[in-house]
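Following: one structure in structure tokens, then a few remarks.
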Amino acid sequence: MPPVFPMLTALSMFYYMCLRRRARTASRGEMNSRRAMEASTRALPLNVEMVQYAKEVLDFSSHYGSENSMSYTMWNLAGIPNVYPSSGDFTQTAVFRTYGTWWDRCPSARLPFQRTPASFCSQDYVELAFEEPVYPTAVHVLETYHPGAIVRILACSANPYSQNPPAEVRWEILWSEPPSKVSSPQARQFTPCIKQINFPTNLIRLEVNSSLLDYYTELDAVILHGVKERPVLSLKASLIDMSDIDEDEDEEKYDCDVDTLSKQFSIVTLREWPSNGYFDKLPYELIQLILSHLSVPDLCRLAQTCKLLYQHCCDPLQYIHLSLQPYWARINDTSLEHLQSRCTLLQWLNLSWTGNRGAISVSGFSRFLKVCGSELVRLELSCGHFLNETCLEVITEMCPNLQELNLSSCDKIPPQAFGHIARVGSLRRLVLYRTKVEQTALLSILNFCSELQHLSLGSCVMIEDYDLVASMMGAKCKKLRSLDLWRCKNITESGIAELASGCQLLEELDLGWCPTLQSSTGCFTNLARKLPNLQKLFLTANRSVCDTDIEELAANCTHLRQLDILGTRMVGPAALRRLLESCRDLSLLDVSFCSQIDNRVVLELNANFPNVFIKKSFTQ
């Protein structure tokens, strides 16, 4: 029998939906991001707002500076401002390793993972601890040079100073936006409108994307505003408007993406349907192609609709390339366990940034690789602080076909553990930036991994004799195409001569901040004459680079695309003109702090060579 009052029934259902929405919001202690930004400004003044500067830098993915100094390092973010409100390039600020898209246009550039969601664009991060846990009301970031890199700010439920670690670690996004171009490189105080969360925090994480910047972004300090007691929203803020019904769908979608990711990996009970509609008429391969455009959480959701799509979504062919980095905050042992049956054909795996604070155990990682590692060709483990010697041993045993291994900023791995890598003779790429690899282990790797084409040893401070290492490279690694020796403290002209003689296929060489290299020894001239395929050469902060070196590059390295001679006092405008005339493919030339190259010269060169980005930095 139809209802007597259909309009009353419809209104009752709408009222029920509103109450359900309000109850769910109250139980979560937060609203959707747009409502939360408005509500945070209307919180009742129950207690006094605290203002704190970062007490300590806990973790970060990269920095421009040295591991043994404070200049341009992430550690400068701790404490009160050193530079702000001044603008310019200052050594007392925090600077990440890269900027722009130059690093994606060089021989060492890696292919991206195809299923990375568009909403995840973070390239680097830094985590900051504050003295007192508070409910955040504002976060201020003091940016002193080329602002605009910050794309996400997160808060963590774990107290880094607590003696009792929590059973569950939660991360909540306070603010997130795609990267945007800021018109001015001048200093600013960045204060995004943040979301209200339902737990106190004293651990804040900044994630950055510097791809749109013309130079390195520089950060001076981070200020956290908050209250000790949870704010109570005003009655006006808790009212429900019509837009909540639509936006609830997006909020549940986010929860499905992250909070229940592990549950979605598990097998679900599927309902029997008499027909799958048009999907029954589509070829299996075509359905597979369509599903290949979905993200991992979308695949997991779709698998719960029917048996046909469950079969497609769980097909190991959908998991040949798998990046879990976008979901780093929610990946744990359970997630890996549920994924095992789907990843038997896995070839590319990205676990960068995942597993920290106990989320992934050594045993959980080992179990996953024992099932899914046999076909693995590429393994990205950047900033995986759960990794230890056992993990490296498992990698070398379970991944016999491995060709690329990224251990960037895995600074918790003990020095002796790296010797296990020597057993992977098929390696083509090895990234050891900011690791504790020591000389004996590295020499063993170079001796047995003769197929290496890309090697990064930037900021590896445990290596005692880089000349010996360079000699081994020249003797054993004839196929080397890119080499990163950023901030190598003791290589000399002898090591450079051995390297240039033995590795003549080199297309990319980073010798930035290598103070023991002197132009007067002829080392740079030797490089130019023996490495004609060079496309990228960084001689950053080498004060001795002179006109003769630039002229040799112009004469011998005509394929050069990127050159960094920041800080030299010995190069004049005439040598640069000859270089630009000879190297027609040149796209980046950094002459910051080159005393003979003033702004007038830069303007003239820009006018005559408009296709080259010529960078001239400054300090006020």
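Can you find even one residue in the range 610-619 that is open to solvent by 60 Å² or more (accessible area, probe 1.4 Å), under 32 Å from the mean Cα position of the chain (by Cα), at negative phi and hydroxyl-bearing (Ser, Thr, Tyr)? There is at least one residue in the range 610-619 that is open to solvent by 60 Å² or more (accessible area, probe 1.4 Å), under 32 Å from the mean Cα position of the chain (by Cα), at negative phi and hydroxyl-bearing (Ser, Thr, Tyr). For the range 137-149, a tally of residues being open to solvent by 10 Å² or more (accessible area, probe 1.4 Å) and on the phi < 0 side of the Ramachandran plot returns 3. The set of residues in the range 82-97 that are closer than 21 Å to residue 184 by Cβ, assigned to a loop (DSSP other than H, G, I, E, B), open to solvent by less than 40 Å² (accessible area, probe 1.4 Å) and not hydrophobic (A, V, I, L, M, F, W, C) comprises 87, 89, 93. Only residues that are aliphatic (A, V, I, L, M) and open to solvent by 10 Å² or more (accessible area, probe 1.4 Å) were counted across the range 555-572, and they come to 3.
Determine, yes or no, whether residue 543 is basic (Lys, Arg) and either under 29 Å from the mean Cα position of the chain (by Cα) or farther than 26 Å from residue 433 by Cα (or both). So residue 543 fails the test.
Is it true that residue 409 is touching a helix residue (DSSP H, G or I) at 6+ places or on another chain (Cβ under 6 Å) and polar (S, T, N, Q)? Here the answer is no, as residue 409 does not meet what is asked. If you check 341, 292, 361, 323 for being over 28 Å from residue 385 (Cα atoms) and of a type in the set (S, T, N, Q), only one passes: 292. In the range 128-243, counting only strands (runs of 3 or more DSSP E) that sit wholly within it, the ones holding 1 or more residues that are aliphatic (A, V, I, L, M) span 150-156, 171-176, 201-208, 218-227. Can you find a residue in the range 465-481 that is open to solvent by 10 Å² or more (accessible area, probe 1.4 Å), touching a residue at least 60 places away in the same chain (Cβ under 8 Å) and under 24 Å from residue 63 (Cβ atoms)? No, the range 465-481 has no match at all. Taken together, the residues in the range 153-188 that are under 18 Å from the mean Cα position of the chain (by Cα) and among the polar types (S, T, N, Q) amount to 2.
The sole residue among 459, 426, 494 that is closer than 28 Å to residue 370 by Cβ and either of a type outside the set (A, V, I, L, M, F, W, C) or open to solvent by 40 Å² or more (accessible area, probe 1.4 Å) (or both) is 426. Which members of the range 65-81 meet the condition of being buried (at least 19 other Cβ atoms within 10 Å of the Cβ), among the polar types (S, T, N, Q) and free of Cβ contacts under 8 Å to residues at least 40 places away in the same chain? Of everything in the range 65-81, just one residue is buried (at least 19 other Cβ atoms within 10 Å of the Cβ), among the polar types (S, T, N, Q) and free of Cβ contacts under 8 Å to residues at least 40 places away in the same chain, namely 73.
Residue-wise test of (1) in contact with a helix residue (DSSP H, G or I) (Cβ under 7 Å, 6 or more places away or on another chain); (2) farther than 30 Å from residue 334 by Cβ.
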position	(1), (2)
94	yes, yes
97	no, yes
110	no, no
113	no, no
164	no, no
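The single condition among (1) at pLDDT 95 or above; (2) open to solvent by 30 Å² or more (accessible area, probe 1.4 Å); (3) hydroxyl-bearing (Ser, Thr, Tyr) that residue 62 does not satisfy is (2). Residues in the range 478-499 that are in contact with a strand residue (DSSP E or B) (Cβ under 7 Å, 6 or more places away or on another chain) and part of a loop (DSSP other than H, G, I, E, B): 480, 481, 485, 486.
The values are calculated or read from the model by the stated rules, or taken from the named source; none is laboratory data. Keep in mind that what you see is a predicted model, and the values were worked out from it rather than measured. All Cβ positions, even for glycine, are placed from backbone atoms using ideal geometry, and neighbour counts span all protein chains on display. These accessible areas exclude ligands, DNA and RNA; they are computed on the full protein's heavy atoms, side chains included. Shrake-Rupley method; radii C 1.70, N 1.55, O 1.52, S 1.80 Å.
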